[in-house]
């Protein structure tokens, strides 16, 4: 991990808040809206001070541990995302409510992980303790420890109350939300605190309609972006370390391809955060062997969209976020979410797509063992031959995986042919017509013909057969 793969603490908190929101089936600004309500409540009750920042951070990180127990909620409710959304919006079925009585171990996992995240970020002890007890209640009926007032930290009540107001008013209306909050006085939170919220709720919710830049008191310390990657990967047990390995791989492949230092750094960061949007998709789909149903596939296709939207809210992740949004695009236009192809996909996009696919092939999955290097090589190049991946990008990724320090294939023939010319020559050398190659690359037949004519001139040939033989002799293809 390099210093370039670090991110400001506040940016990390915001990224984790959006991962949490998506994991809970919520709009990806739910935690930020709750954080603003917490600040209003804390300041009204106790005045200005560090406690308002403590409340904000606890609210933003409240769901940061939920990727760690996603698999448990899948077993408990059948769908970790929709099940938790139903839990928050009070629409859980009777069977689901009975199942939730067995959720204490999952709450323990969540609280431990979110507390550890706060510790790793270097946040104040009050924030860490708030997160470790974030599901406790005034009457001792909370989880995981069953603490009762006054052992429950004050910030827990504030976050719980603000979260209830934000979610329930949005899903059931303000009047219904206020009635429910009133019924939980001295049960879920102190009556005095609930009364303050009931008095100001309508005005505070109106204030949320006005966008507000975050005035954070967090120091400008830097933390590894890999922390965000690790939290993302916790969603699926078989993904542990996947984003880290993909980041290291694509960095080295980019070096072998001769990319600039900034481009290499952005690619490494993109690999680390490319899975943010995965949080919005239930684990049952990720664990499904074979082809997905069309409706389920549509959810998967939105993964890079959500990644792009989340990163677009964080200036430090804007560039890698845009790269990550292309992680599943394919040269033939069969990828997602934009179905881009051909010349639209730059070298960075092609390298990232190849690196992620290669790393996935080498990793064990619930429905298959990890592929060997030879098996993965054959499969990846077969995909490239069918027009989905870029050949040179695949070669760079495989060379990086083998630990090679140079790769002559990245600049064949000393640069005699351009990248596009080499790609077209490779395809026509195996019998592809101009129309077929054009369709595969997403360009016009006339553009293919122009490139072929340029290849003939450079190789001093007039036929495809002669150009193929000379290209093989020179190591161009």
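Where a number appears in this text, it was derived from the coordinates with a stated rule and is not lab data. Here the structure is a predicted model, which means the values were calculated and not measured. Here the Cβ is made from the backbone with ideal geometry for all residues, glycine too, and neighbour counts use every protein chain on show.
Mean sequence separation of contacting Cα pairs (under 8 Å, at least six apart), scaled by the length of the chain, corresponds to a relative contact order of 14 percent. Helix 50-61 axis versus longest C-alpha principal axis of the chain: approximately 50°, rounded to the nearest ten. Compared with the alpha-carbon gap, the fully stretched path from residue 3 to residue 288 is longer by 98.9 nm at 0.36 nm per residue.
The angle between the Cα long axis of helix 464-474 and the main principal axis of the chain comes to about 80°, on a 0 to 90 degree scale. Between residue 364 and residue 203, the simple label model (points 7 Å from Cα in the Cβ direction) yields a spacing of 5.9 nm. The shape of the chain can be summarised by an equivalent ellipsoid whose semi-axes, obtained from the alpha carbon gyration tensor, come to 51, 21, 19 Å from longest to shortest.
Residues 156, 250, ranked from the fewest to the most other C-beta atoms within 10 Å, line up as 156, 250. Against the main long axis of the alpha-carbon atoms of the chain, helix 9-23 sits at an angle near 90°.
A Förster radius of 56 Å, combined with the Cβ-Cβ distance separating residue 89 from residue 460, puts the computed FRET efficiency at roughly 0.20. Per-peptide packing, taken as the mean over residues of other Cβ atoms within 10 Å, places 140-153, 453-466, 381-394 in the sequence 381-394, 140-153, 453-466 from highest down. Can you tell me how much longer the chain between residue 125 and residue 416 gets when fully stretched, taken as 0.36 nm per residue apart minus their C-alpha distance, in nm with one decimal? Length gained between residue 125 and residue 416: 98.6 nm.
The calculated FRET efficiency for residue 195 paired with residue 298, based on their beta-carbon distance and R0 = 45 Å, is about 0.50. In region 225-410, Rg over Rh equals 0.93, where Rg is the alpha-carbon radius of gyration and Rh the Kirkwood radius from pairwise Cα distances.
Calculate, in whole percent, how much of the Cα-Cα pair population of region 412-477 lies beyond 20 Å. Beyond 20 Å sits 16 percent of the P(r) for region 412-477.
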